[in-house]
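Starting off with a structure, shown below.
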Amino acid sequence: MDMVTPPHPDELLSRARAAFLGLAIGDALGAPVEFMTRGEIKAKHQVLRDMVGGGWLRLKPGQVTDDTEMSLCIARSIAERRDWSLEGIADNFATWLKSKPIDVGDTCRRGIRNYMLKGMLETPPNQWDGGNGAAMRMLPVALYTVGDAACLERCAIEQAHLTHNHPLSDAACLNFGTLIHLALWGRSLSRMRREVDEMLVRFPVFGFEPYKGLATGYVVDTMQTVYHCFFRNRSFESCVIDTVNQGGDADTTGAIVGALAGAYYGEGGIPARWRKKLDRRQAEEIARLAEALVRLSPLYRALHPF
């Protein structure tokens, strides 16, 4: 992290709340058009701007999916233990899977079941596990580790490898987490873009100019869509709308860009109409957990030692 004036502790907490709420909002907005093409979305909605519910999961307006639910599993473990515990996270994933969630990816399901049946905390490397299921739940890790890049890297890889052990998944997780750190610090879009450009030198497959128009569950397509929409828009609302209207894995692309845009644009940038659609108790828990994670972070403790 460059040497810059750190944010005020209250601003850091506010941006963290906005990031976690942004993740849930992007998830809920995009989920009803998951697996639809851009053309199908346009034919049905012109431009999807509101939480309409429905879709293949028959969701209620404002209802979230596995992107938010798995993120909550990680956040609850850290907040309850006030420390990093891979076993605690895996236990929460197992409890969540037993609850028969409305949606769960095949790779996530397999990794969690391996933990439940064999106690495995690291899934073996698999060239076919380049999905976005580890990246989509990275936000709590980023909030907990802000101020410590080495801790971010360790925790990101550990949580990812519970279900996804793939170099492109790892790269996406680390880059997403680092971008969240930069946004929480209040860094500029150009500084965040430079971080992506530096990653592209090592992993050129993530290159997103020109944008290929793919928004699938493949982590490369997911992050290309997120980068394309995040860097070409100038508000939280336009970032998320642009992203989910690309279709494909719209709940996950929406969740990731919502977290980034929330951290960058802050709570004031989130439309009230979207916040009101979220389940009230869930939104309250999200805000509470976001604060709890940041209060445990190295940066917050340095800014607010007492």
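The values are calculated or read from the model by the stated rules, or taken from the named source; none is laboratory data. Here the structure is a predicted model, which means the values were calculated and not measured. Here Cβ is always computed from backbone atoms with ideal geometry, including for glycine, and neighbour counts include all displayed protein chains.
Is there a residue in segment 122-138 that is among the hydrophobic types (A, V, I, L, M, F, W, C) and assigned to a helix (DSSP H, G or I)?
yes
Could you please tell me which pairs satisfy a Cβ distance under 6 Å, a separation of 6+ or placement on different chains, a first residue in segment 162-187 that is touching a residue at least 24 places away in the same chain (Cβ under 8 Å), and a second residue that is among the acidic types (Asp, Glu) and assigned to a loop (DSSP other than H, G, I, E, B)?
So the pair list comes out as HIS164/ASP129; HIS166/ASP129.
Got a number for residues in segment 270-285 being assigned to a loop (DSSP other than H, G, I, E, B) and touching a residue at least 40 places away in the same chain (Cβ under 8 Å)?
Residues that pass the stated criteria total 3.
As an exercise: evaluate ALA302 against (1) in contact with a Cys (Cβ under 9 Å, 6 or more places away or on another chain); (2) at pLDDT below 95 and give the number of the one condition it does not meet.
That leaves (1) as the condition not met.
For segment 207-251: of the residues being on the phi < 0 side of the Ramachandran plot, surrounded by 22 or more Cβ atoms within 10 Å (Cβ to Cβ) and outside any helix (DSSP H, G or I), which is nearest to the chain's Cα centre (by Cα)?
Here the residue is ASP249.
While we're here: Quick one: would you say VAL4 is touching a Pro at 6+ places or on another chain (Cβ under 7 Å) and either assigned to a loop (DSSP other than H, G, I, E, B) or surrounded by fewer than 19 Cβ atoms within 10 Å (Cβ to Cβ) (or both)?
Here the answer is no, as VAL4 does not meet what is asked.
Further question: Being hydroxyl-bearing (Ser, Thr, Tyr), in a helix (DSSP H, G or I) and crowded, with 16+ Cβ neighbours inside 10 Å is the requirement here; does THR163 meet it?
no
Which of the residues belonging to segment 100-114 are among the small types (Gly, Ala, Ser) and surrounded by fewer than 14 Cβ atoms within 10 Å (Cβ to Cβ)?
Matches in segment 100-114: none.
A further question on this structure: Within segment 41-71, which residues are assigned to a loop (DSSP other than H, G, I, E, B) and free of Cβ contacts under 8 Å to residues at least 12 places away in the same chain?
Within segment 41-71, GLN46, ARG58, LYS60 qualify.
Let me confirm something: among LEU86, LEU117, LEU72, LEU97, which residue is farther than 22 Å from ALA19 by Cβ and either out of contact with any helix residue (DSSP H, G or I) (no Cβ under 6 Å at 6 or more places or on another chain) or surrounded by fewer than 16 Cβ atoms within 10 Å (Cβ to Cβ) (or both)?
Every option except LEU117 fails the conditions.
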